[in-house]
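The structure appears below as structure tokens.
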Amino acid sequence: MSQVPKPQVPCNITEETHCGTHTELSQLFSDDDKIIVSSKGFQSPSHKQHAAYGIQEAAEYYRKLFQETLVTLREKLEATKSLLAEERERMAMIQEEEQRFKKMIETQYKMQFQLLTEEKELPFLRLPAYKVDLNLNEPNQDQLMKCGTELMLKSREMLQRLSHLGRENMRKLKASEAWLCEHLCSLQKIITDLEKDCGECAAALLQNAKYYLKRSKSILLQSLEPAQITDLSSCQIIRTSSVLQRFQRHITLDPDTAHPTVVLSEDLRRMGFGETPKTGPSTPRRLDFGASVLGAESFSSGRHYWEVAVGQATQWQVGICDCPERKDSIPKASGDKVLLMGSMMGADCTLWVFPPLRKVFLREQMYKVGVFLDYECGQVSFYNVTEQSLIYSFSDLTFRGAVKPIFSLCIPNGDMSSDSLTVCLPQTQP
């Protein structure tokens, strides 16, 4: 920042400009009031205690100060343009996101209804085109009303909440867009004015100094913040159906696929880290990315469910891996996977799903994850078993071949990690 010039004694100038208060030729600049004052004016009570500077010297100082301010203003102008573009991008994406979660909610309740229907052995209720707004007023539908009314009401309630959050998010984003557009105009105006003022003569520049400094400071003090919107994944489906237990499988871990850093328990249900990586010959099916291992079981049809205790693991992944048909083939890091990923930072856990990578809402701490696969429907769903709620669901997936469970931990840096994942035993046999 330019240094403030030292106060000067009155000096002669050639510019024909006069003090606004006094009629004498103006010769000095009052830095306190940011105005040009005549030498006689500095003797008045209103200016007597003020620092006086030569006009040319003061103009040079403020010209440099304005140039430095312009650099900051231009930086903020670019930051404002960037944030405005991001807010408009979020506005474009939010409707797609709402439709995605709407489909997820409808698909999940449809699945729950179908599973309950099958469990109660009501074949006449296996509707091929189930919709949320089922007509429950037809005669002889007592059993359908009993198992379907609650699901329908919960679905409607969730969809209404989703719609409300979508409208609120759009309102906040539009308000943010309007403010950013106004802020952008203010920045462009002050930049144009300052650039013009820097080319003015000393007297003209100093006459506007107070106004431009105050205006620039006010604009620069306004912070740029994106609109705080609500994550639509907070519309969680709670009290997930207990009929999922009917599809729970006994999953074990495949030692031939375990990454060299991974050690498995004797019962092949728990994975953790060994003190030293494996040094023996590598098997052709061993995973070469992350601290990962595949399940020994593979699925090429039907519905399947398993649960994984994640405990206090700092970074983990669970999901499915779409494996090639050849038994000796093994997926690479870029292979087809559907994953739920958790990351612990202190007491806080952040969840992500893939693909594509998206952050999802977590209401409370989670210690056990449920994974549901419906091969024919191309559906993979993740559940918070601790809270009995849906985390996220993928639908309309296309599998290339057999699907295997996959489990991963983050390879530790430095000290050996005590993180582990455990595949839970089925609570009931299918």
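The values are calculated or read from the model by the stated rules, or taken from the named source; none is laboratory data. Please read these numbers as outputs of a predicted model, since none were measured by experiment. Heads up, the Cβs are rebuilt from the backbone with ideal geometry, glycines too, and the neighbour counts pull from every protein chain shown.
Results, tabulated for the structure shown:
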read-out: Among the residues listed as GLU387, GLU376, GLU364, GLU325, the single one being modelled with pLDDT under 85 and within 19 Å of GLN248 (Cα to Cα); value: GLU387
read-out: Leading residue by the ranking (nearest to SER163 (Cα to Cα)) among those in region 217-231 that are among the aliphatic types (A, V, I, L, M) and either assigned by TED's automatic domain parsing to the domain that holds LYS359 or more than 16 Å from the chain's Cα centre (by Cα) (or both); value: LEU224
read-out: All positions within region 342-361 that are in a loop (DSSP other than H, G, I, E, B) and surrounded by 14 or more Cβ atoms within 10 Å (Cβ to Cβ); value: PHE361
read-out: Residues satisfying the stated conditions in region 157-195, i.e. in contact (Cβ under 8 Å) with a residue 12 or more places away in the chain, within 23 Å of MET93 (Cα to Cα) and charged (D, E, K, R); value: ARG161, GLU168, LYS172, LYS174, GLU177
read-out: Out of GLU364, GLU376, sole residue that is surrounded by fewer than 15 Cβ atoms within 10 Å (Cβ to Cβ), assigned to a loop (DSSP other than H, G, I, E, B), in contact (Cβ under 8 Å) with a residue 40 or more places away in the chain and among the charged types (D, E, K, R); value: GLU376
read-out: Residue among SER218, SER233, SER176, SER186 that alone is closer than 26 Å to PHE382 by Cβ and either of a type in the set (Asp, Glu) or part of a helix (DSSP H, G or I) (or both); value: SER233
read-out: Positions within region 401-412 being in a loop (DSSP other than H, G, I, E, B) and within 13 Å of PHE299 (Cβ to Cβ), in sequence order; value: GLY401, ALA402
read-out: Boolean, ILE219 is under 26 Å from ALA85 (Cβ atoms), touching a residue at least 12 places away in the same chain (Cβ under 8 Å) and in contact with a Lys or Arg (Cβ under 7 Å, 6 or more places away or on another chain); value: no
read-out: LEU339, sole failed condition from (1) modelled with pLDDT under 80; (2) part of a strand (DSSP E or B); value: (1)
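Quick grid of which residues meet (1) at pLDDT below 95; (2) in a strand (DSSP E or B); (3) crowded, with 20+ Cβ neighbours inside 10 Å:
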site	(1), (2), (3)
ARG246	yes, no, no
THR279	yes, no, no
LEU287	yes, no, yes
VAL293	yes, yes, yes
SER301	yes, no, no
HIS304	no, yes, yes
VAL308	no, yes, yes
GLY311	yes, no, no
